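Attaching a single structure in structure tokens format; questions to follow.
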Amino acid sequence: MKSVFSFLFVIFFVFGFSQNFSKKEKVLLHQISKLDSLMENNDSKILELFSDDVSFGHSNGWIQNKDDFKKDFESGKVKYQSVKETELKEFKLRNKFANVRRIIAVKGLYKTEIFEMKLSVLEFWIRQKGIWKLWSRQSVGLK
């Protein structure tokens, strides 16, 4: 049921709210929504959305590359229960690059500890062979 809801949200968000966005922008917005959905469902297909040299800066100071992320994600070290975008603050597209700033609410489990936080996220996306891939992501915790 959760994945059906996520899919419907994607359809509503991309095709309902984004009427002022170009076709290229809508494709990227779909990738961003897909990223959140795959993370929320702890689906390893999320790795397909990353460039090979992706870099993650987490709100707790961790820095990860693709292999680090894959190891932690697949081991279940962090399990997400909910990843919801609450605000799209900035969306800039230039040729094969995009800069996205947004606010997300995240709930999950780190090892045995429950966490819930609101994050300000800066993402850089790059178009590789016609597909938007996450190249860099930095998150900061909001109070």
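The values are calculated or read from the model by the stated rules, or taken from the named source; none is laboratory data. Owing to the predicted nature of the structure, the values given are computational and were not obtained by experimental measurement. So basically every Cβ, Gly included, is an ideal-geometry build from the backbone, and we count neighbours across all protein chains shown.
Among the residues of the range 67-111, which ones are among the hydrophobic types (A, V, I, L, M, F, W, C), surrounded by 14 or more Cβ atoms within 10 Å (Cβ to Cβ) and free of Cβ contacts under 8 Å to residues at least 60 places away in the same chain?
Within the range 67-111, Phe69, Phe73, Val78, Val83, Leu88, Ile103, Ala105, Val106, Leu109 qualify.
Condition (residue is farther than 17 Å from His30 by Cα and modelled with pLDDT of 95 or more) applied to the range 96-104: is it met by at least one residue?
Within the range 96-104 (the criterion being farther than 17 Å from His30 by Cα and modelled with pLDDT of 95 or more), the answer is no, since none of the residues qualifies.
In the range 50-66, what count of residues is obtained for those that are surrounded by 12 or more Cβ atoms within 10 Å (Cβ to Cβ) and either more than 18 Å from Leu122 (Cα to Cα) or touching a residue at least 60 places away in the same chain (Cβ under 8 Å) (or both)?
8
Let me ask something additional. Take Ile32 and decide whether it is assigned to a helix (DSSP H, G or I), modelled with pLDDT under 95 and either of a type outside the set (Phe, Trp, Tyr) or at negative phi (or both).
Criteria not met by Ile32.
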